[in-house]
Amino acid sequence: MPRMVASFANVNLMSLEGLEDPLRFSRKAPPCAVVIYGANGDLTKRKLMPALYRLAFEGRLAPGFAVVGVSRTAMSNDEFRERMRESVKKYLEDSPFDEQLWVSFAQGLTYLAGDVGQPDSYGELASHLKAVAAERQTEGNVLFYLSTQPSQYAQIAEGLGSVGLQHPPEGHSETWRRIVIEKPFGHDLVSAGVLNSRLQAVFNERDIYRIDHYLGKETVQNIMAFRFGNGIFEPLWNRTYVDHVQITAAESIGVEGRGAYYQEAGALRDMIQNHLLQVLATVAMEPASSFTSDAVRDERAKLLRAIRIMRPDQVADNAVAGQYGPGRSGSEHVPGFRQEKGVEPHATTDTYAAVTFLLDNWRWSGVPFYIRTGKALPKRVTEIAIQFRTAPLAMFRKATAGAEAIPNVLILRIQPEEGISLRFASKRPGSGMQIRPVSMDFNYGSSFGERSPSAYETLLLDAITGDATLYTRQDMVDASWTAVQPIMDYWATQKYDFPNYAAGTWGPAASDEMLRRWGHEWRRP
Amino acid sequence: MACEIIKPDRILKELGELWIDTAKSDPGKPGTESGDDGLLRACSMTLISFVDDEEDSMALGETLALLMREHPSRSIVVRLREGEDFLESRVLAQCWKPFGHRKQICCEQVELTATMNHLQDVASVVGPLAVPDLPRLILLRSARIVRAGALRKILPLADKIIVDSSRPGAPGFGELGAMLDSGHIAGDLAWTRITELRALIAHLLGETVPKVITIEYSGREAGPETRYLEAWLDGGLPDTHVRIKSGGGEGLGTPLVIRIDDTIVIRPGVGCAEIEMGALKQRASLAVGRDDELLSAELKIVVHDPVFERALNRITA
């Protein structure tokens with residue numbers, strides 16, 4: 001008589017097919033070619049190629065895997081392989097470099113010199129991909145990764161479309177073509193709409209993957225696990241119990257060589273419009289009915305659409321721009337933003353931005369969400385602090401020296417020292433009722449010592465396997481531009497007296513004032 | 001011979017004192033924000049290791065220390081020896097500082113040394129020492145317990161028992177099957193050892209159902225890994241003829257070459273596998289299969305594993 005075998009998580013022997021082993025096997029990529037536009041660029045060297053190599057190291061890539069690098073620089077296949085080898089060795093994190101594995105991985109790397117403005121280059125790519133498919137057995141699957149200047153995205157998509165590369169050959173219904181683009185998705189609401197129209201004229205929306213690497217971070221994903229995998233927090237996650245939320249993404253360094261780029265972007269565009277509004281959406285969204293790509297993204301999009309759009313006369317009270325001047329970081333002198341290389345001496349770029357967002361939905365009505373981000377702040381930290389309302393009766397007023405009751409704060413730390421802390425009040429030992437706050441800490445690294453995949457490993461594997469859950473959709477991009485556009489418009493009309501904070505401090509005084517109006521103050525992380 | 005009276009309460013008190021002493025000896029940097037430095041007590045499970053006293057304590061210590069980084073736990077090591085009336089305990093802390101971190105992470109360890117006649121006492125000491133509400137796992141490396149037929153005495157202590165059927169004196173397929181029959185969760189490192197090879201085969205095959213798969217193994221007799229691989233393929237691919245054959249020579253009976261319809265050839269080696277698919281030759285990395293790696297993989301699974309149980313069921317049927 002066959003032995004009875006218990007089921008787990010809705011998987012039992014009857015439902016297991018073939019050689020599946022969901023408990024033990026990690027997700028694997030199907031055969032495919034990854035075409036990287038901008039193959040000689042920084043992102044490819046620092047992030048993409050180390051992430052692909054690491055996926056190979058973990059055996060996640062199919063033997064039929066290939067990378068086709070495209071950029072303007074003339075280079076042979078061997079030269080490209082050598083450059084990538086050096087990059088992987090230099091930028092690979094938390095992993096050994098296996099020379100023999102590299103030799104095997106590098107067999108799949110080829111290079112094509114081409115100017116994205118030359119129509120012929122797309123025909124050449126099409127022929128090259130045919131040869132790669134035959135030689136490497138990629139089954140015709142292609143992921144196009146645009147790691148170029150954002151102004152070239154639409155042009156490249158149209159070039160691919162001109163030779164039919166956006167669709168698999170007829171009769172190959174299982175074969176896929178996908179395109180990944182990096183942020184920024186436009187520089188304002190209008191340009192985002194134009195970019196989208198041009199991309200969607202070539203590729204189906206379901207095949208367009210807009211990457212926001214923040215969503216690929218393990219700790220951002222853990223916010224969902226924390227909220228929806230535990231029964232005790234979600235009932236408190238609403239206006240009845242939450243007083244306000246603070247999201248902080250602080251950098252201790254200045255722009256460090258990225259001055260020319262940053263001058264055009266600024267903190268609001270570079271961080272809040274994309275990364276931090278996605279974090280806000282993850283913290284505040286409704287539970288999805290299932291953990292599937294569309295269900296999760298629908299909820300994120302709904303939340304982003306619920307952000308109250310500021311009128312011009314509301315911006316001054318709810319958004320603060322800042323720019324750092326010279327100061328000190330520890331014992332080191334930090335030049336002001338305008339003294340950085342590549343930055344104009346009268347640049348009006350915001351290197352700091354703080355915004356109060358309100359959400360017009362049932363759950364969060366009246367709860368302010370404060371977001372701040374900046375360069376040259378005292379320390380590097382990204383965290384979300386959820387401050388709960390105080391107990392209804394201040395029983396221990398005397399014990400707290402007349403202060404109101406100590407509010408509970410739940411802190412979700414994204415970097416560094418990823419973890420979760422809960423602050424609560426405790427009685428000090430001894431006679432009498434002396435109360436003081438204490439912290440209960442969970443540290444990700446000490447509970448799970450295993451290596452976390454980098455955001456690019458996660459997101460590349462997702463794109464190759466067709467999982468768009470952690471990618472942003474056009475309606476999400478539109479909604480987040482809609483939320484920040486009035487701020488950008490208002491700031492464009494103002495003359496700010498920059499710099500208005502010294503490097504190594506927590507930003508302009510106006511930012512503290514913004515919270516004071518609500519009776520709140522910024523945490524010192 | 002020394003034989004002390006050992007009570008769980010006393011050991012728990014010693015553990016408490018150990019933490020206070022350890023924290024005193026590493027209070028963190030003065031003047032920094034509280035909580036940034038110093039010690040962090042970490043625990044995600046109770047791991048109870050039964051070993052024979054002759055086993056190299058240094059090697060076991062290293063394995064457990066490596067394991068602590070991924071699975072911080074209260075570790076209870078029970079060393080069993082022959083002779084009469086010996087029972088003693090000690091407590092210690094295992095600490096390390098992850099690279100780039102300021103905080104030291106510490107786990108606690110209890111060591112019990114006992115003669116076999118005290119096995120019942122050991123069980124009554126170990127039970128209350130387990131951390132409440134967290135998984136309890138047994139690593140069984142004591143041939144003495146198997147020989148004495150005392151498996152039943154220790155099974156109730158844990159949610160899962162992990163053995164390595166390829167070790168001399170380890171429980172065999174029959175004993176593992178009996179554990180499953182009695183409703184216990186079991187894991188076998190011989191099965192864990194072939195996880196990456198199985199994943200590679202599944203990845204290469206995809207939806208394809210081959211006609212014949214041949215597993216060639218080293219030595220004259222198929223070892224547990226080969227038997228598991230055969231049973232897994234047999235169960236997962238009912239329309240495929242799976243056969244095993246000896247590749248001759250000496251060896252431990254582990255898989256040497258896997259031929260799939262003569263179109264795919266896989267040669268697993270230490271740390272990697274060579275793959276031939278027609279003209280395409282590739283290399284895939286496989287874990288080296290150190291004890292701590294295998295144990296780490298097994299500690300992640302504290303539920304019934306239907307694929308493992310299906311394979312074991314086929315072997316013992």
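In table form, for the structure just shown:
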quantity: Which numbered condition B:LYS13 misses (of (1) crowded, with 16+ Cβ neighbours inside 10 Å; (2) at pLDDT 85 or above); calculated: (1)
quantity: Residue tally, condition in a loop (DSSP other than H, G, I, E, B), free of Cβ contacts under 8 Å to residues at least 12 places away in the same chain and crowded, with 19+ Cβ neighbours inside 10 Å, over the range B:192-225; calculated: 0
quantity: Test: residue in the range A:492-506 that is under 30 Å from A:ALA29 (Cα atoms) and touching a Lys or Arg at 6+ places or on another chain (Cβ under 6 Å); calculated: no
quantity: Members of the range A:15-39 found to be among the small types (Gly, Ala, Ser), within 8 Å of chain B (Cβ to nearest Cβ) and either on the phi > 0 side of the Ramachandran plot or crowded, with 18+ Cβ neighbours inside 10 Å (or both), listed by number; calculated: A:GLY18
quantity: Residue identified as farther than 15 Å from A:ASP497 by Cα and touching a strand residue (DSSP E or B) at 6+ places or on another chain (Cβ under 7 Å) among A:ALA301, A:ALA354, A:ALA321; calculated: A:ALA354
quantity: First in the range A:161-176 and among the polar types (S, T, N, Q), second anywhere and surrounded by 12 or more Cβ atoms within 10 Å (Cβ to Cβ) and part of a loop (DSSP other than H, G, I, E, B), Cβ under 8 Å, 6 or more apart; calculated: A:GLN166/A:VAL202; A:GLN166/A:PHE203; A:THR175/A:GLU139; A:THR175/A:GLY140; A:THR175/A:ASN141; A:THR175/A:PRO168
quantity: Subset of the range A:417-438 [closer than 21 Å to B:PRO72 by Cα and small (Gly, Ala, Ser)]; calculated: A:GLY419, A:SER421
quantity: So B:GLY269, is it within 11 Å of chain A (Cβ to nearest Cβ), out of contact with any strand residue (DSSP E or B) (no Cβ under 8 Å at 6 or more places or on another chain) and more than 12 Å from B:ILE194 (Cα to Cα); calculated: no
quantity: Number of the condition not met by A:GLU450 [criteria: (1) away from every other protein chain (no Cβ under 14 Å); (2) modelled with pLDDT under 95; (3) in contact with a helix residue (DSSP H, G or I) (Cβ under 8 Å, 6 or more places away or on another chain)]; calculated: (1)
quantity: Those strands (runs of 3 or more DSSP E) lying entirely in the range A:254-339 with at least 2 residues touching a Gly at 6+ places or on another chain (Cβ under 8 Å) and buried (at least 22 other Cβ atoms within 10 Å of the Cβ); calculated: A:319-322
quantity: Segments classed as strands (runs of 3 or more DSSP E), wholly inside the range B:56-130, with at least 2 members that are more than 14 Å from chain A (Cβ to nearest Cβ), closer than 30 Å to A:TYR444 by Cβ and more than 20 Å from the chain's Cα centre (by Cα); calculated: B:87-96
quantity: Among residues of the range B:272-311, those that are surrounded by 15 or more Cβ atoms within 10 Å (Cβ to Cβ), more than 8 Å from chain A (Cβ to nearest Cβ) and touching a Gly at 6+ places or on another chain (Cβ under 8 Å), counted; calculated: 4
quantity: In the range A:105-124, the residues that are out of contact with any Ser or Thr (no Cβ under 9 Å at 6 or more places or on another chain) and in a helix (DSSP H, G or I); calculated: A:PHE105, A:ALA106, A:ASP120, A:SER121, A:GLU124
quantity: Odd one out for B:GLU230, checked against (1) in contact with a Leu (Cβ under 9 Å, 6 or more places away or on another chain); (2) within 14 Å of chain A (Cβ to nearest Cβ); calculated: (1)
quantity: Candidate set from the range A:40-63 (those that are in a helix (DSSP H, G or I) and among the hydrophobic types (A, V, I, L, M, F, W, C)); member that is nearest to the other protein chains (Cβ to nearest Cβ); calculated: A:PHE57
quantity: Index of the failed condition, A:LEU101 passing every other in (1) more than 24 Å from the chain's Cα centre (by Cα); (2) surrounded by 16 or more Cβ atoms within 10 Å (Cβ to Cβ); (3) away from every other protein chain (no Cβ under 14 Å); (4) assigned to a helix (DSSP H, G or I); calculated: (3)
quantity: Set A:ALA133, A:ALA106: member being more than 31 Å from the chain's Cα centre (by Cα) and surrounded by fewer than 22 Cβ atoms within 10 Å (Cβ to Cβ); calculated: A:ALA133
quantity: Selected residue [modelled with pLDDT under 90, surrounded by 18 or more Cβ atoms within 10 Å (Cβ to Cβ) and among the small types (Gly, Ala, Ser)] from B:ALA186, B:ALA150; calculated: B:ALA150
quantity: Residue check for A:SER439: within 11 Å of chain B (Cβ to nearest Cβ) and either modelled with pLDDT of 85 or more or surrounded by 18 or more Cβ atoms within 10 Å (Cβ to Cβ) (or both); calculated: no
quantity: Top-ranked residue in the range B:233-266 [being under 29 Å from the mean Cα position of the chain (by Cα), in a strand (DSSP E or B) and surrounded by fewer than 15 Cβ atoms within 10 Å (Cβ to Cβ); ranked as nearest to the other protein chains (Cβ to nearest Cβ)]; calculated: B:ARG243
quantity: Contacts under 7 angstrom Cβ, first residue in the range A:301-324 being within 30 Å of A:GLY504 (Cβ to Cβ), partner of a type in the set (Asp, Glu) and in a loop (DSSP other than H, G, I, E, B), 6 or more apart; calculated: A:ALA321/A:ASP350; A:GLY322/A:ASP350; A:GLN323/A:ASP350
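The values are calculated or read from the model by the stated rules, or taken from the named source; none is laboratory data. Predicted model, so just to flag it, every value in this text is computed and none were measured. Methodologically, a virtual Cβ is constructed for each residue, glycine included, from the backbone with ideal geometry; neighbour enumeration extends over all protein chains shown.
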